[in-house]
Amino acid sequence: MRIKILQIAFGCVFVFLCLGLFYFQVIQFDRYRQLSESNRIRLIPQEGTRGRILDRNGVVIIDNRLSYNVLLLPQQNGDIKQTLSRLADILGVPEEYIRSRYRQGGYSFFTPVVLAEKIDKKNAMIIEELKSELPGVIIQTVPQRYYPYGSLAVHITGYLGEIDQWRLMQLRNYGYRSKDIIGYGGIEERYDYYLRQEEGGLQVEADSRGKIIRVIGFRPPRSGKDIQLTVDLRIQKIIEEALNGNKGAVIIIDSYGGEILGMASFPNFDPTVFLNKSDSTQDILDDPGAPLLNRAISGAYPLGSVFKIVVAAAGLETKKIDVSTTFNCPGSIKLGNREYACWDKHGSQDIIAAITHSCNVFFYRLGLLLGPDKIYKYALRLGFGKRAKIDLPSESSGFVPNPLSKRLTRFENWYPGDTANFSIGQGDLLATPLQAVRAMAGIANEGYLPRPHLIKAIDGREVNAYKKITSPLNFPREVLEPIKTGLRQVAGNPDGTANILADSALSVSGKTGTAQVGSRQPHAWFVGYFPAKGTSYAVCVFLEHSGHSINACVVTKKIIEAMKQEGLL
């Protein structure tokens, strides 16, 4: 009886083993074959080269150069301790440092361990020459971002860093992985998909213990595409030098095509800090001057008297005024119990004189005739209160107030004094330098707001789509002519608020602005275009808390004279 029970038990075990064998060998054949292949076939990665960034003339703004890493294949090493000791001597680092790197990376018997990064070329050549004495040691060439001009144009180009968790979740389906290096800010972020390289490597066969048997194949890495910008590096250098450490922004744009020829923001920063994981990274993030902020497109500020061109266009087109209409400026007007001042007593002013002298009283009275809703409508028409959709991330839309928005957001009524402030670009109005220069370009070209853009070509193929995207203004000639005459006299008339530009190398038209900011120093603006005839360039100079607008005019003059001297005009 016991023998029978044993026979049955052994029979059941045999049947179970057969079924298990059938399950693993037949039913799960494909799965385990794939696992076997993945254990047998390995890939030693090799980095491709990230696409370069060039200016409009083909000058390389951001390039790549080779960096050298030291890798160790543990499965091919006889005496790891001796190898690590020898490497420490060659590299001139403590042996414990090399040992700790090995311990941190040695989780897999097959995976190469990075022992040292970015070693100099001399040491890399020594290690290559001593390869026979350093079994399993590999010199890996890794392309490294190179900035031949340092921080020049850094707010345009952006910087590189390791992908964060939020971006990884957003981009995982597009082939991005943990530890990938991606673009942050500027062109590096906006066109990362084109710039990023594709990893390649050696495909090798390894035995069950991870030892390499043979090289099966090689998949070459793919380099990213080069990006050519509309920026002229010569102009970029001029505007950054003209800023001369003043906090603010400068933009120069082609008035007709919308091409950005130069864009600077200060303070700036060193882009290599983030790539090298320097201790200075946190210093940049904590800097109260906000060097990462691109003030040209992301900073929104009170516009001051530059906004008067919006009110002038509204008054002329709605026929609330014409070129013969005058208002007397005694130095202030009284609304309710409050005096609203002008910066001088201008006497009788028509629209041209009011623009020339930047007369507040004239625009107080015109704004009250128009009303806030009409001013709001024309501000939107000239591109304020909405993004210009430049091909850069983090553009601000600014803010254009109206009675409804004030009631909904601040639960307050709108008063005539609010309209008076609104009419001269004060109050709750906020605008970016990009919006200001785009509006001035629309006045200069007499027809439309161009689409500001930085992309000229990708991988040698010209991109023309942005040039065709415009917003028509549809202002009649009788609206534009008085405004353009006034803007010309701002710089050309001895009484104009930008008369310092009268003796510039070229005739300049534009509008100054001194925007009050509470108890702090005002912001200084100059927004204009040059030459006055046959216009090619629109310019915005914004100086944060710099005082009177004359300071922005001084910077503008330096830029124009330097461009003339360099043969760029």
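Okay, here's what the table says:
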quantity: Hz values of 3J(HN,Hα) by residue in the stretch 516-528 - Karplus curve (6.51, -1.76, 1.60), Gly and Pro given as x; calculated: 6, 9, x, 8, 7, 4, x, 7, 10, 10, 9, 10, x
quantity: Linear extension gain, residue 407 paired with residue 569, 0.36 nm per residue minus alpha-carbon span; calculated: 53.4 nm
quantity: Amide H within-cut-off set for residue 521, under 5 Å, with H built and near neighbours excluded; calculated: none
quantity: Computed over the chain, the ratio Rg/Rh where both radii use C-alpha atoms and Rh is Kirkwood; calculated: 1.18
quantity: Nearest-20 debye value, the chain charge dipole, Cβ charges on Lys, Arg, Asp, Glu; calculated: 1500
quantity: Sequence-distant residues sharing a close amide H with residue 93 (under 5 Å, placed H); calculated: none
quantity: Potential lengthening between residue 323 and residue 545 on full extension [0.36 nm per residue; Cα-Cα distance subtracted]; calculated: 76.4 nm
quantity: Principal axes of the stretch 359-510: Cα extent on each, largest first, Å; calculated: 56, 43, 28
quantity: Point-to-point label distance, residue 377-residue 180, nm (Cα→Cβ direction, 7 Å offset); calculated: 4.8
quantity: Distance between modelled label sites at residue 126 and residue 446, nm, 7 Å Cα→Cβ extension; calculated: 7.2
quantity: Residue 280-residue 478 pseudo-label distance in nm [points 7 Å out on the Cα-to-Cβ vector]; calculated: 6.0
quantity: Per DSSP, loop trypsin sites (Lys or Arg not before Pro) in the stretch 503-569 with at most 16 further Cβ within 10 Å; calculated: 533
quantity: Exposure proxy ranking, count of Cβ atoms within 10 Å, fewest first, for 537, 378, 97; calculated: 97, 378, 537
quantity: Within the chain, helix-based [θ] at 222 nm, where runs of 4 or more DSSP H residues each add -39,500 (n - 2.57), nearest 500; calculated: -10500 deg cm²/dmol
quantity: Fewest-first ranking of 373, 55, using other Cβ atoms within 10 Å as the exposure measure; calculated: 373, 55
quantity: Between 0 and 90°, nearest 10: helix 80-91 axis offset from the chain longest Cα axis; calculated: 30
quantity: Computed over the stretch 347-424, the ratio Rg/Rh where both radii use C-alpha atoms and Rh is Kirkwood; calculated: 1.06
quantity: Evaluated at q = 0.10 Å⁻¹: base-10 log I(q)/I(0), Debye formula over Cα of the stretch 233-565; calculated: -0.56
quantity: HN-Hα J in Hz across the stretch 344-358 - Karplus 6.51, -1.76, 1.60, θ = phi - 60°, x for Gly and Pro; calculated: 7, 9, 8, x, 6, 10, 9, 5, 5, 5, 5, 5, 4, 9, 6
quantity: Folded to 0 to 90 degrees: helix 233-243 orientation relative to the chain principal axis, Cα; calculated: 60
quantity: Angle between the chain longest axis and helix 95-105 axis [Cα atoms, degrees, rounded to 10]; calculated: 90
quantity: For the stretch 293-360 versus the stretch 106-168, the gap between their alpha-carbon centres in whole angstrom; calculated: 58
quantity: Cα-based Rg / Dmax (Å) for the stretch 453-569; calculated: 16.7, 51
quantity: Residues with amide H under 5 Å from that of residue 332, placed H, sequence gap 5 or more; calculated: 342
quantity: For the stretch 397-403, Karplus couplings with θ = phi - 60° (6.51, -1.76, 1.60), whole Hz, Gly/Pro x; calculated: 8, x, 7, 10, x, 7, x
quantity: Förster-model FRET efficiency, 41 Å R0, residue 95 and residue 146, C-beta, rounded to 0.05; calculated: 0.85
quantity: Exposure proxy order (Cβ contacts within 10 Å, fewest to most) of 359, 540, 342; calculated: 342, 359, 540
quantity: Rg over Rh [alpha-carbon atoms, Kirkwood Rh] for the stretch 241-387; calculated: 1.12
quantity: Alpha carbon convex hull of the stretch 479-534, projected area averaged over orientations, nm²; calculated: 4.7
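None of the figures in this text is laboratory data; all of them are computed from the coordinates on show. The structure displayed is predicted, hence computed values, not measured ones. Reconstructed Cβ throughout: ideal geometry from the backbone, glycine too, with neighbour counts over all protein chains shown.
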